[in-house]
Amino acid sequence: MIRLKIKNIVYIILYALPNTILSFGIVYIINNVLSGNQAFLGDHMGIVFLALIGYTYLLNIVFQKWLNKFAFDVLYDNEKKIFNQILSAPMRSLERFGSKRFLTAVEDLRTFSQLPYTVTHTVNSVLMLVLCLVYMFSLSSISALIVIGLIAIVAACYFVVINSMSSQVSTLREYNEDYYQYVGDVIDGFQELKLSFFRRTNLMNKFLVPNRDLAKKLDFKISYIFLSVNLISQYGLYVVIAVILFVLPGMGILPRADVISYVVIIMFVSGPINNLINLQQMYTRFIVANSRINRFLNDFKLLANDVNLEVTESLEFESLVFKDVYFYYDEENKESFALGPINLEIKKGETIFIVGGNGSGKSTFINALTGIYDPSMGEIALNGKTENIKGDLQNIISSVFTQNHIFSNNYDNYKIEGNTFYNEWLEIMKLKEVVADDKEESARRGFSKGQSKRMSLIFALLEEKPIIVLDEWAADQDPQFRKYFYEELIPKLQEMGKTIIAVTHDDAYFHNANRIIKFDYGQIVRDVPVISRQELTESLWQ
Ligand SMILES: Nc1ncnc2c1ncn2[C@@H]1O[C@H](COP(=O)(O)OP(=O)(O)OP(=O)(O)O)[C@@H](O)[C@H]1O
């Protein structure tokens with residue numbers, strides 16, 4: 001997800017070099033003034049000193065601006081990318097990997113808001129460290145080597161511990177993914193949870209509490225280790241200072257006169273070293289977040305035929321033909337449920353009821369028909385065309401699914417305000433008293449299940465597509481409205497020239513279709529025209 005281009009590296013170098021020289025100037029002046037170097041005690045040195053501070057400040061501001069832009073590009077562009085990816089991903093990917101992956105990817109991305117702070121501090125700290133080491137070498141190379149050796153030991157201890165942490169940080173994220181699943185269950189299944197004491201306590205005691213306890217333990221362990229390691233670095237520096245004060249001069253390696261410079265340098269560099277150590281945990285988090293986002297982008301990768309599915313022009317519908325179409329939920333496991341072979345032709349203006357027992361494959365068939373599932377085998381021809389028809393299919397079909405959803409905003413191209421068709425259908429759907437006006441917010445308020453299905457059907461009709469697919473639409477309607485739907489609304493939709501494909505269990509109204517297709521074990525076991533009610537019953541159930 002994050003790739004440093006040559007241009008970015010050049011920017012960092014352009015910032016780092018002058019910043020290094022200026023910062024070095026600051027340390028150099030401090031040291032020389034402290035050691036009483038006459039050349040540095042004039043009045044002008046104060047002005048030079050302040051000027052250096054001013055320049056480094058300005059340089060940092062300019063760099064911060066560039067870095068912030070880079071980080072915000074990464075953050076906000078990837079937010080859009082992740083949204084686009086999830087919207088373009090095949091339904092099967094979402095079903096397979098779970099929608100919580102989307103939530104956690106969005107959260108992982110937020111980690112990168114810390115990127116500018118982390119990078120600036122890292123660059124500054126590394127430079128300061130390098131400069132101070134160079135300065136130490138210029139005073140006494142052997143002492144510098146010993147000090148570097150000591151710092152390297154402290155750093156090595158640190159990195160060993162940190163490296164062992166990334167898998168634990170990753171495990172913590174997995175606990176949090178499960179946690180989000182429970183959050184989703186509480187939001188979506190609140191009623192069911194309210195209804196059952198056992199369900200509530202089991203969710204709490206067997207899932208949420210163990211999950212949060214494990215997460216807390218691990219989070220605490222990770223924070224504790226990070227904290228301990230940070231303390232090692234701080235106290236390690238005191239050890240280094242002790243060596244400079246008491247060991248090196250005693251061994252005659254470091255002249256007494258240079259001890260002050262060494263200590264000042266070490267004190268000066270302790271801030272950057274601590275920074276680098278503290279920032280490591282940010283890098284660990286970045287690495288984990290980056291690899292998780294890459295995994296998300298990879299798992300939900302765009303399928304070529306899902307990209308650029310756009311409405312180009314309104315398309316006439318003539319026929320839809322399935323030729324030996326199969327669909328497997330699990331391609332590897334041939335024992336699992338399979339739809340197919342499906343062979344059928346749907347013609348313009350037909351009213352087809354899809355019937356069959358639970359789990360017989362009706363909804364799976366609807367998903368294949370609407371292009372939501374790609375067939376595993378076989379061919380679907382729309383108006384005789386078989387290549388790249390997915391976009392066309394979606395341009396001619398509107399649908400109300402079993403679990404309909406009324407969006408919080410109007411994401412469609414129609415307007416409902418002042419729309420006579422909309423107002424007319426509010427009357428037809430007997431929603432006029434429920435929805436007082438034709439404002440968007442009135443159409444998107446809370447409804448009863450049956451009312452929300454009626455509203456979804458109005459929205460589907462507003463799309464003005466020739467085929468309308470309804471999955472158990474009438475199941476949530478009261479008996480009166482259900483009768484009204486089959487006996488008046490369906491004929492009205494037929495008059496409008498719609499091709500209707502409706503999944504239904506309402507056998508009392510099967511005769512209101514032109515054709516009944518019955519599924520069993522994923523296959524079409526009956527495909528009968530409706531001639532009379534009597535004949536229909538015989539041909540369907542015998
Ligand atoms: N997302 C899925 N992943 C794996 N298997 C699935 C998935 N959705 C459905 N199935 C399986 O596919 C089979 C057909 O399910 P489908 O939902 O198409 O049946 P249906 O005829 O619509 O049933 P119902 O009348 O209960 O709505 C079932 O065995 C079901 O378990």
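The values are calculated or read from the model by the stated rules, or taken from the named source; none is laboratory data. Given the structure is predicted, the values throughout are model-derived calculations rather than measurements. Neighbour counts run over all protein chains shown; Cβ positions are idealised from the backbone, glycine included. Keep in mind that these areas ignore ligands, DNA and RNA; they rest on the heavy atoms of the full protein, side chains included. Shrake-Rupley method; radii C 1.70, N 1.55, O 1.52, S 1.80 Å.
Output the residue which, of all residues in the range 365-406 that are open to solvent by 10 Å² or more (accessible area, probe 1.4 Å) and at positive phi, is farthest from the ligand (Cβ to nearest atom).
Gly384
Among (1) surrounded by 17 or more Cβ atoms within 10 Å (Cβ to Cβ); (2) within 16 Å of the ligand (Cβ to nearest atom); (3) under 14 Å from the mean Cα position of the chain (by Cα), there is one condition Pro90 misses while meeting the rest; what is its number?
The failed condition is (3).
How many residues does the range 85-123 contain that are touching a Phe, Trp or Tyr at 6+ places or on another chain (Cβ under 9 Å) and either over 19 Å from Phe296 (Cβ atoms) or β-branched (Val, Ile, Thr) (or both)?
11
Is the range 476-483 home to any residue that is within 16 Å of the ligand (Cβ to nearest atom) and either outside the structural domain of Asn410 (by TED's automatic domain parsing) or at pLDDT 95 or above (or both)?
No, there is no match, as no residue in the range 476-483 is within 16 Å of the ligand (Cβ to nearest atom) and either outside the structural domain of Asn410 (by TED's automatic domain parsing) or at pLDDT 95 or above (or both).
Please specify each residue of the range 11-44 satisfying the condition of being small (Gly, Ala, Ser), more than 44 Å from the chain's Cα centre (by Cα) and within 16 Å of Ser125 (Cα to Cα).
Listed by number, the list holds a single entry, Gly25.
Output the number of the condition that Met1 fails; it satisfies all remaining conditions of (1) modelled with pLDDT under 80; (2) assigned by TED's automatic domain parsing to the domain that holds Val134.
Failed condition: (2).
Given the condition open to solvent by 30 Å² or more (accessible area, probe 1.4 Å) and closer than 18 Å to Ile490 by Cβ, answer yes or no: does some residue in the range 408-417 qualify?
no
If we scan the range 433-452, do we find a residue that is of a type in the set (Val, Ile, Thr) and under 23 Å from Pro90 (Cα atoms)?
Scanning the range 433-452 turns up no residue that is of a type in the set (Val, Ile, Thr) and under 23 Å from Pro90 (Cα atoms).
Given the structure, is Asp330 within 16 Å of the ligand (Cβ to nearest atom), among the charged types (D, E, K, R) and under 26 Å from the mean Cα position of the chain (by Cα)?
Taking the combined requirement at face value, the residue satisfies it.
For the range 487-506, state whether one or more residues are open to solvent by 10 Å² or more (accessible area, probe 1.4 Å), over 30 Å from Ser336 (Cα atoms), touching a strand residue (DSSP E or B) at 6+ places or on another chain (Cβ under 7 Å) and not charged (D, E, K, R).
Taking the range 487-506 first, the residues open to solvent by 10 Å² or more (accessible area, probe 1.4 Å) are 487-488, 491-492, 494-498, 505-506.
Applying the additional criterion that residues be over 30 Å from Ser336 (Cα atoms) yields 487-488, 491-492, 494-498.
Next, only the ones that are touching a strand residue (DSSP E or B) at 6+ places or on another chain (Cβ under 7 Å) stay: 494, 498.
Subsequent filtering for residues that are not charged (D, E, K, R) retains 494.
Yes, because at least one residue in the range 487-506 is open to solvent by 10 Å² or more (accessible area, probe 1.4 Å), over 30 Å from Ser336 (Cα atoms), touching a strand residue (DSSP E or B) at 6+ places or on another chain (Cβ under 7 Å) and not charged (D, E, K, R).
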